[in-house]
Amino acid sequence: MPAENRPSESGNRPSESEAQRVEPENQPLNRRILSLAVPSLGSLLAEPLMVIADSAMIGHVGTTELAGLTVGSSVNVFLVGICIFLVYTTTAVASRQLGAGDRHGAVKTGVDGAWLGLLVGVVLAVVLWVGALPIVSLFGASAAVNVQGAAYLRAAAPSMLGMMLVLAGTGAMRGVLDAKTPLVISVTGAIANVAFNAAFIYGFNLGVTGAGIGTSIAGIGMGAAFALKIMFGARRAKVALHPEFRAIFTALAGGVPLMIRTLTMQIVILGTLWVAASQGEVAIAGRQIAANTWTLGANLHDSLAIAVQALIGFELGRADRQAVRDLIRRVTLWGLGLGVVLGLSIAALASLWPRIFSSDPEVLAAAALALLVSAFFQPLAGVVFVFDGVLIGANDTWYLALAGLINLGVYIPALVLVWRFAPGGILGLAWLWGCYCGVFFLARLATLSWRIRQDRWMKLDFAKTGEIR
């Protein structure tokens, strides 16, 4: 039975959970999308802006230092990416619980997710602190670059404690359709990170180590803010704060397919970095500028995907198949339009934007050409991110894992061909970046669109049973 036709358990007066459920569905669809996408955009932009600030500061210290930061920060990004299931799983489960009228369960999902994030953060911080140099050495860069990368990674290791809480907290807030809290915390943390980094990089003359220290302080502060927000929300909802380890390990097990899916994506990113490293310091530095810009655009696309995740979960909780299809059509057009706007903007700034990061003429030329490649593929990326958000919101995680493996199988042979036959110098990075933006994202589009055309991923039985099957 659709949500609007279900009788209230308390008579004619709707319960608090029903009021929470009805309010979003009465808003026009575009407004519902924007109410989640715009605040999510701010919180998503915080992290890439932090990396951009680090890169801009270190880039003017030296090319070797920028290359070291690229390697070290890529390891951090890899680990955070692997743990993105802390966001996605929590958002998908909590939003369905909210749509089905179980606000208490949605809040409790966030609490358990925070405990899981804390445990994962402790493990990762220890691993990075102990193994910094061996880890960065895997990329095959020069000894000088490895020293800089290890210095950053070791100094930034404590940030894992905070970042895992940030991921869990973001999922908890999005799951109850609260996109404003992550915005406030993330933007505040990004601003603080810039200030800390400027002080440690230049004020104390610590170079890449200073960038890592600033990242750690900002990350821990953001994590603490999310933890406090979850605690206060749990008390208001009368939800126990103690960890329920069965739920925690269930969430961890449920995150396995998302970890597989994310691992395939991170292998793609690290493989691309490995080929750039084989092309020399100029390619590594140019790739960092292109990657930072791509990530900035990706987060703009992801703001729509996040809105889709929450709204898809909500509509599936209501068992409204037609609303799900209407939502997909609408956000696909939004994603395509945003991609066109971003592509034109990046192309217009391709010759100017790299100057923020470096003054090396070769680096500037390589980065500018790679940015033109990025601009061309932005519309494709817009649709891919929206489709990804649809299936994540539906918690169709095992298919996403399978699709990730298929996409990896398509991309790796193409990457090997680039590594083997691409021309050297500035053109080599353009070939490499075209392989990433073109081949990989076309593979993602094919696997995602094939699944979305079907109905099996909707799992509408959740609305009756309360369980995702």
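The values are calculated or read from the model by the stated rules, or taken from the named source; none is laboratory data. As the structure is a computational prediction, the values presented were derived from the model and not from experiment. So basically every Cβ, Gly included, is an ideal-geometry build from the backbone, and we count neighbours across all protein chains shown. Note: accessible area is taken over every heavy atom of the protein model, side chains too, but ligands, DNA and RNA are not part of it. Shrake-Rupley method; radii C 1.70, N 1.55, O 1.52, S 1.80 Å.
Would you say Phe314 is within 21 Å of Ala285 (Cα to Cα), modelled with pLDDT under 85 and open to solvent by less than 20 Å² (accessible area, probe 1.4 Å)?
Taking the combined requirement at face value, the residue does not satisfy it.
Here are Ala285, Ala348, Ala290, Ala323: which of them is out of contact with any helix residue (DSSP H, G or I) (no Cβ under 7 Å at 6 or more places or on another chain) and of a type outside the set (Val, Ile, Thr)?
Within the list Ala285, Ala348, Ala290, Ala323, the selection yields Ala348.
Kindly provide the set of residues from segment 135-150 that are part of a helix (DSSP H, G or I) and either farther than 15 Å from Gly280 by Cβ or touching a His at 6+ places or on another chain (Cβ under 9 Å) (or both), ordered by number.
Ile135, Val136, Ser137, Val147, Gln148, Gly149, Ala150
Among the numbered criteria (1) within 30 Å of Leu66 (Cα to Cα); (2) assigned to a helix (DSSP H, G or I); (3) open to solvent by 30 Å² or more (accessible area, probe 1.4 Å), which single criterion is violated by Tyr436?
So the condition that Tyr436 fails would be (3).
If you check Val383, Val373, which single one turns out to be touching a Leu at 6+ places or on another chain (Cβ under 8 Å), buried (at least 22 other Cβ atoms within 10 Å of the Cβ) and of a type outside the set (D, E, K, R)?
Val383
Among the residues of segment 112-163, which ones are β-branched (Val, Ile, Thr) and either within 19 Å of the chain's Cα centre (by Cα) or open to solvent by less than 60 Å² (accessible area, probe 1.4 Å) (or both)?
Those that are β-branched (Val, Ile, Thr) and either within 19 Å of the chain's Cα centre (by Cα) or open to solvent by less than 60 Å² (accessible area, probe 1.4 Å) (or both): Val120, Ile135, Val136, Val145.
When you check Val111 against the structure, is it out of contact with any Leu (no Cβ under 9 Å at 6 or more places or on another chain) and more than 25 Å from Gln288 (Cβ to Cβ), yes or no?
It is false that Val111 is out of contact with any Leu (no Cβ under 9 Å at 6 or more places or on another chain) and more than 25 Å from Gln288 (Cβ to Cβ).
For the list (1) at pLDDT 85 or above; (2) more than 18 Å from the chain's Cα centre (by Cα), I need the number of the one condition that Ala283 fails.
(1)
Hey, could you check segment 386-397 for residues that are open to solvent by 10 Å² or more (accessible area, probe 1.4 Å) and modelled with pLDDT of 90 or more and say which is nearest to the chain's Cα centre (by Cα)?
Among residues in segment 386-397 that are open to solvent by 10 Å² or more (accessible area, probe 1.4 Å) and modelled with pLDDT of 90 or more, the one nearest to the chain's Cα centre (by Cα) is Asp388.
Has segment 391-404 got at least one residue that is closer than 30 Å to Gly428 by Cα and without any contact (Cβ under 8 Å) to a residue 24 or more places away in the chain?
Looking for residues that are closer than 30 Å to Gly428 by Cα and without any contact (Cβ under 8 Å) to a residue 24 or more places away in the chain, one finds none in segment 391-404, hence no.
Within segment 166-209, how many residues turn out to be over 29 Å from Ile306 (Cα atoms), surrounded by fewer than 17 Cβ atoms within 10 Å (Cβ to Cβ) and among the polar types (S, T, N, Q)?
Summing the residues that are over 29 Å from Ile306 (Cα atoms), surrounded by fewer than 17 Cβ atoms within 10 Å (Cβ to Cβ) and among the polar types (S, T, N, Q) in segment 166-209 gives 1.
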